Amino acid sequence: MPIAPIARPPRLTGSNFAYQHLPFDTFLDDAVALGRERLELWGIAPHLHIPQVGDAEARAVRRRIEGRGLSAYCLTPEQVMYPVNVASPVDWLRSQSIALFRRAAELCVELGAEKLLLTPGRGGEDEPVGTAWRRSVDAIGEIAAYADSLGVTCVLEPLQRVESNLVNDSPTLAAMLDEIGAARLGAVLDTVTMAVAGESVDDAFAALGDRIRHVHLVDGRPMGHLAWGDGELPLHDYLHALERHGYDGWMTFELFGDGTYALDPRAAVERCDAAVRRCVGAGPEE
């Protein structure tokens with residue numbers, strides 16, 4: 001039986017994931033060539049290292065973006081590989097991490113980005129989970145409240161167990177959102193994290209409902225954050241399920257699971273675009 005196409009194309013952001021070894025303007029030019037309108041900006045050196053970027057520089061970046069007919073949508077500071085951890089048992093590291101995200105919220109304003117992406121951090125492997133959970137809840141609540149005061153909405157993303165020992169699936173993310181109690185704090189659905197947790201899109205919506213406000217649409221085995229076609233995840237099923245649940249928000253290809261992507265990131269994004277086109281029936285089989 002033929003597979004029914006997706007009724008409408010997903011709304012895809014451009015992102016500098018995998019562009020870390022190329023100039024920021026190369027990423028922007030590629031985003032234009034690929035037909036993007038909105039951008040998820042990965043806050044890394046040398047493009048947008050949060051502690052280094054001043055207000056004037058952020059406004060200059062915004063002019064470079066908007067001068068190409070693009071606009072910033074979401075700022076995602078690096079917070080897994082860098083020494084950034086809002087749940088750290090080390091006081092100075094936790095306080096500096098909170099300060100970094102507060103500064104990132106300020107930069108969202110200068111960049112014109114409406115969303116700031118957060119992750120829960122991790123506690124020590126030798127301490128009770130509840131202790132680190134409390135630190136994470138308090139920190140994210142503080143950051144979300146500060147961002148909200150600036151008109152910026154935060155979204156919280158679960159992580160794989162190798163990245164966090166606090167929030168690894170949708171029910172646990174829902175529990176943390178409930179405990180934080182911030183009205184505008186939303187959730188991120190990451191297809192790799194979801195698959196590693198053994199969940200489906202339906203499971204994620206059952207737990208989180210309309211609190212899902214951003215999607216990282218990425219392939220894996222099930223881990224990997226790979227370009228579509230390099231993994232084994234069911235893109236068509238995911239897109240159908242997102243459509244069935246009425247999700248019409250933005251989605252990002254978060255590509256950094258294969259070091260070769262950084263050698264030619266545009267080619268990897270183009271392969272992802274082609275895979276999506278096949279799902280919506282808008283492109284030839286390849």
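Annotation note: of GLY124, GLY130, the sole residue that is out of contact with any Lys or Arg (no Cβ under 7 Å at 6 or more places or on another chain), of a type outside the set (A, V, I, L, M) and at pLDDT below 95 is GLY124. Residue count for region 101-125, restricted to those that are outside any loop (DSSP other than H, G, I, E, B) and crowded, with 20+ Cβ neighbours inside 10 Å: 10.
Of all residues in region 227-248, those that are within 25 Å of VAL155 (Cβ to Cβ), surrounded by fewer than 18 Cβ atoms within 10 Å (Cβ to Cβ) and free of Cβ contacts under 8 Å to residues at least 60 places away in the same chain total 6. Taking every residue in region 126-152 that is in a loop (DSSP other than H, G, I, E, B) and pairing it with any residue that is surrounded by 13 or more Cβ atoms within 10 Å (Cβ to Cβ), at least 6 positions away or on another chain, the pairs with Cβ-Cβ distances below 6 Å are LEU150/ALA105; LEU150/VAL109; VAL152/ALA105; VAL152/CYS108; VAL152/LEU116. For region 75-121, the set of residues classified as modelled with pLDDT of 95 or more and polar (S, T, N, Q) consists of THR76, ASN85, SER88, SER95, GLN96, SER97, THR119, listed by residue number. Restricting attention to region 129-160, the residues that are within 16 Å of SER88 (Cβ to Cβ) and among the hydrophobic types (A, V, I, L, M, F, W, C) add up to 8. Just one of the listed residues (MET176, MET223, MET194, MET251) is surrounded by 19 or more Cβ atoms within 10 Å (Cβ to Cβ) and touching a residue at least 60 places away in the same chain (Cβ under 8 Å), and it is MET251.
Scanning region 230-250 for residues that are more than 16 Å from GLY220 (Cα to Cα) and not in a loop (DSSP other than H, G, I, E, B) returns HIS240, ALA241, LEU242, GLU243, ARG244, TRP250. Scanning region 108-129 for residues that are touching a helix residue (DSSP H, G or I) at 6+ places or on another chain (Cβ under 6 Å), over 16 Å from LEU156 (Cβ atoms) and of a type in the set (A, V, I, L, M) gives a single hit, LEU111.
The values are calculated or read from the model by the stated rules, or taken from the named source; none is laboratory data. As the structure is a computational prediction, the values presented were derived from the model and not from experiment. Note that each Cβ is placed from the backbone with ideal geometry, even for glycine, and that neighbours are counted across all protein chains shown.
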